[in-house]
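Visitor: Questions regarding the structure given below will be posed in turn.
Computed from the coordinates by the stated procedures, all read-outs in this text should not be read as laboratory data. Note that the structure is a prediction, hence the values are computed from the model and not measured. Note that we place each Cβ from the backbone using ideal geometry, even for glycine, and neighbour counts take in every protein chain shown.
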Amino acid sequence: MTPAFIFFFFFISVMDVCLSAPAEMKNQTDEFTDDDPRPKVDLENLVLHGDVAVTNTFFKNADPCTARGCKWPKSGRYVNVPYQISSEFSQQEKNIILRGMQSFHQTTCIRFVPKRSDQRDYIHFFSQRNGGCWSYIGRQRGQQYISLERRGCVHHSTVQHEILHALGFHHEQVRSDRDRYVRILFNNIQQRQRGNFKKVQTNNLVTPYDFTSVMHYGKYDFTSNGQPTIEAKSNPNQQFGNARQMSANDITRVNRLYECNTSRRQYRY
Ligand SMILES: [Zn+2]
C-alpha cells in the first residue's frame, strides 16, 4: 500500500465526477469485457474515509459488516467474486490488476471470475482522473466499484489492499486491539482525516496485530505537520506501512473469514 498516492476526499458530489478519456487501447480480450465503465454509484451519497468508500449509512455499514452479510458467498470450496476491469486501463495495467487477483487464487479460496450477465453482484475496477484509490468494505450488492486511478494506484500492493477492503477487511491500525500496539498521534493528523484513525470493533480472526500488513497505514500518513501520526508503542523508531504485498496474516485472515481450509470444521472467531 502506498498511501502517498491516495487522494483523500470527504465528499464527492456529482459535480466532481469527470471520467477520464475513453479507453485508448483496443487489444482487449473477452476477459476484459467492459459493459459499462461509467460509474453508476450514488456519488452524491458517497463518502470516502481515507480510501474507504462508504455511503451515508456508514455508521451502520462499517466493518465488521462481515457478520451481517457483506461477505461474498461461498459456493462449494470457493468464493467466486465476479469482476470487470474497465477498458480505461492499458493492457499492462490490466495485467497488474489480474496479478493482484491471482495472488488471492494462489493463497486463498477466493476466485475472481469474469462477470457473466447473470451475476448481479460484482466488482468493477475503474479509473477516473483525480479519483484516487478506494474501495468499499465488503460486498455491497450490485455493481461495486474499486477505484484505481491509473496515475498512482495501479500497483500490486494497492490492488491487494483495495481488494481486501472489498472482501470485508479494514485498516490494520483501526482494529479493535490497536491501542496495545500503536499510539495514534491525533494532534499530528490533518483535522479532516482524523476519522480514518478511529478504532473499529473488528473481528481480528485470532491473528496478531501486524505491522507488515498491506492494510497498515504508514507512520506519517495524513500528517499535518511532518510529524508521525502513528507510533509503534514497542519502538517509536519503527517504520511500517510500506508492505509491497499481503503479509502471511493478511492471507490467514482471508482464509479464516471465508473458511477456506475447512470442509467440516467451522471456525468460530
Ligand atoms: Zn485502505
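Visitor: May I ask you to derive the relative contact order of region 172-257, considering only C-alpha pairs under 8 Å and at least 6 residues apart, and to give it as an integer percent?
Guide: Relative contact order, region 172-257: 36 percent.
Visitor: Turning to a different aspect of this structure: Does region 61-196 come out rounded, prolate or oblate by the C-alpha gyration tensor, with a ≥ b ≥ c the root eigenvalues, rounded set by a/c under 1.5 and, if not, prolate when a/b is larger than b/c and oblate if not?
Guide: Oblate shape, in that a/c is at least 1.5 and b/c is the bigger or equal ratio.
Visitor: What list do you get for 97, 230, 251 if you sort them by fewest beta carbons within 10 Å?
Guide: Fewest-to-most Cβ neighbours within 10 Å comes out as 251, 97, 230.
Visitor: Let me ask something additional. Can you put 88, 93 in order of Cβ neighbours within 10 angstrom, beginning with the fewest? Don't skip to the end; give the middle numbers.
Guide: Working: 88 23, 93 20.
Lowest count first: 93, 88.
Visitor: What does the convex hull of the Cα atoms of region 134-269 come to per residue, in Å³, rounded to a whole number?
Guide: Taking the convex hull of the Cα positions in region 134-269, it is 131 Å³ per residue.
Visitor: How long is the gain from residue 102 to residue 191 if the chain were fully straight, where each residue apart is worth 0.36 nm and the alpha carbon distance is subtracted? Kindly include the intermediate steps, with their values, before the conclusion.
Guide: Numbers: separation 89, 0.36 × 89 = 32.04 nm, distance 3.77 nm.
That pair, residue 102 and residue 191, stretches by 28.3 nm at full extension.
Visitor: Give me 112, 125 ranked fewest to most by other Cβ atoms within 10 Å of their Cβ, as a rough exposure proxy.
Guide: Ordered from fewest to most neighbouring Cβ atoms within 10 Å, 112, 125 come out as 112, 125.
Visitor: Taking the Cα-to-Cβ direction at residue 205 and at residue 156 and moving 7 Å from each Cα, how far apart do the two end points lie in nm?
Guide: 2.1
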